[in-house]
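Since the structure comes first, as structure tokens, the remarks are kept for the end.
We did not get these values from a lab; they are worked out from the coordinates using the rules stated. Predicted model, so just to flag it, every value in this text is computed and none were measured. Neighbour counts run over all protein chains shown; Cβ positions are idealised from the backbone, glycine included.
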Amino acid sequence: MAAEEKIARKLGPTARVGLAAANGVPEGRLVSFGIAGSLRGDLPVGTVIDATRVVDESGATLWEGGPLGVPGARDGTILGASRIVDDPADRARLRNVTGADAVDMESGALARSGRLAGCIRAISDTPDLRLGGIAQGAKPTGEADLVGLLRGFAREPRVTVRAARNAMRALRALERVA
């Protein structure tokens, strides 16, 4: 996403891969950096995960390595999904199947490239704190989709406003990392 990319630029060369790496996977060693949804009720919004493993939806390991050493971050496993996972029952099922702590849409594609060096993700939503309309607020390229966001807001205004606040908390956690 554009907001994640802006923060990541503080750390060095950056490429926006878009949702599920819709923009393609850049060359060279890669670090997956951005927000993620928690698959566990005990990982609050703003928690930073310095991943030691990335898995797919079957639980197969796509990447494994040491943490990057981000101060204050928790080690964990990231599920690289091909879709937004916002249903609490689906999150519980994926947690049981994969053992992952959080889910995003980019880490799996980057891990499959064989060039992933690490993964830093900040929790923006939890099984109990869903995304609501925020889930419709991004284009595959990582640009904001204002029409989609407004449609989502119209359907679930309270959930969407809370999710937007939580996304901002997660982005502030990433800024502290940078």
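Only Lys, Arg, Asp and Glu count, each charged at its Cβ (+1, +1, -1, -1), so figure out the dipole size of the chain about its Cα centre, rounded to 20 debye.
400
Which three semi-axes in whole Å describe the equivalent ellipsoid of the range 13-84, each the square root of 5 times a Cα gyration tensor eigenvalue, listed largest first?
That gives 20, 16, 13 Å for the three semi-axes.
Taking DSSP loops as anything outside H, G, I, E and B, show the longest stretch in the chain free of GluC sites (Glu not before Pro) there with at most 16 other beta carbons within 10 Å.
Here the longest segment lacking exposed loop sites spans 28-142.
Output wanted: per-residue J couplings in Hz (rounded whole) for the range 24-41, from phi through Karplus 6.51 cos²θ - 1.76 cosθ + 1.60, θ = phi - 60°, x for Gly and Pro.
These are the phi-based 3J(HN,Hα) values: x, 9, x, 6, x, 5, 10, 10, 7, 9, x, 9, 8, x, 6, 9, 10, x Hz.
Among residues other than Ala22 whose Cβ falls under 11 Å from its Cβ, what is the net charge (Lys/Arg +1, Asp/Glu -1)?
0
In whole Å and largest first, what semi-axes does the C-alpha gyration tensor of the range 23-178 yield when each eigenvalue is scaled by 5 and square-rooted?
Result for the range 23-178: semi-axes of 24, 17, 16 Å.
With n ≥ 4 as the cut-off for DSSP H runs, can you work out [θ] at 222 nm for the chain, using -39500 (n - 2.57) per run divided by the number of residues, rounded to the nearest 500?
Helix contribution divided over all residues of the chain: -9500 deg cm²/dmol.
Within the set of other residues whose C-beta is less than 12 Å from the C-beta of Ala111, count the net charge using Lys and Arg as +1 and Asp and Glu as -1.
With Lys, Arg at +1 and Asp, Glu at -1, the neighbours total -1.
In the range 1-77, what trypsin sites (Lys or Arg not before Pro) fall in a loop by DSSP, with at most 16 other Cβ atoms inside 10 Å?
Arg29
Can you run phi through the Karplus equation (6.51, -1.76, 1.60; θ = phi - 60°) for the range 3-11 and list ³J(HN,Hα) in whole Hz, with x for Gly and Pro?
5, 5, 4, 4, 5, 4, 4, 5, 9
Amide H of Ile35 versus every other amide H placed in the peptide plane: which residues, excluding those fewer than 5 positions away on the same chain, fall under 5 Å?
The answer is Ala122.
How large is ³J(HN,Hα), in whole Hz, for each residue of the range 63-72 in order, when computed from phi with the Karplus curve 6.51 cos²θ - 1.76 cosθ + 1.60 and θ = phi - 60°, using x for Gly and Pro?
Going residue by residue, I get 7, 8, x, x, x, 7, x, 6, x, x Hz, with x marking Gly and Pro.
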